[in-house]
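Data first, discussion second: the structure below is written as structure tokens.
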Amino acid sequence: RAYANLGCGYQGLGDFRSAREMHEHHLDIALETGDRAEEGRAYGCLGNDFGRVGNFKEAIEMHERHLKIASETGDRSEE
């Protein structure tokens, strides 16, 4: 989760490139460890990154992945 938190910090600074890089690291680790909940959260963070730079098509795709994982894992709080 440290990479996710760093990404949020970079978002706050307006450095969306660095935010995306941190969230991509978060996603890589979640995929490597098989942590579906963190994978979903990483997609959600990436969706926010894309949305903040106006790439709404990619943002929607990331948020749809997040929602799919939340539904599959029964995590209603992430839906």
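The values are calculated or read from the model by the stated rules, or taken from the named source; none is laboratory data. Just so it is clear, the model here is predicted, and its values are computed rather than measured. Note that we place each Cβ from the backbone using ideal geometry, even for glycine, and neighbour counts take in every protein chain shown. Heads up: the accessible areas ignore ligands, DNA and RNA and are worked out on the full protein's heavy atoms, side chains in. Shrake-Rupley method; radii C 1.70, N 1.55, O 1.52, S 1.80 Å.
Some notes on this structure:
- Solvent exposure of the chain as accessible area per residue, Å², 1.4 Å probe: 62
- Projecting the Cα atoms of GLN11, HIS26, GLY74 onto the charge dipole of the chain, computed from C-beta unit charges around the Cα centre, puts GLN11 farthest toward the positive end.
- Share of carbon and sulfur in the accessible heavy-atom surface of the chain [1.4 Å probe, %]: 50
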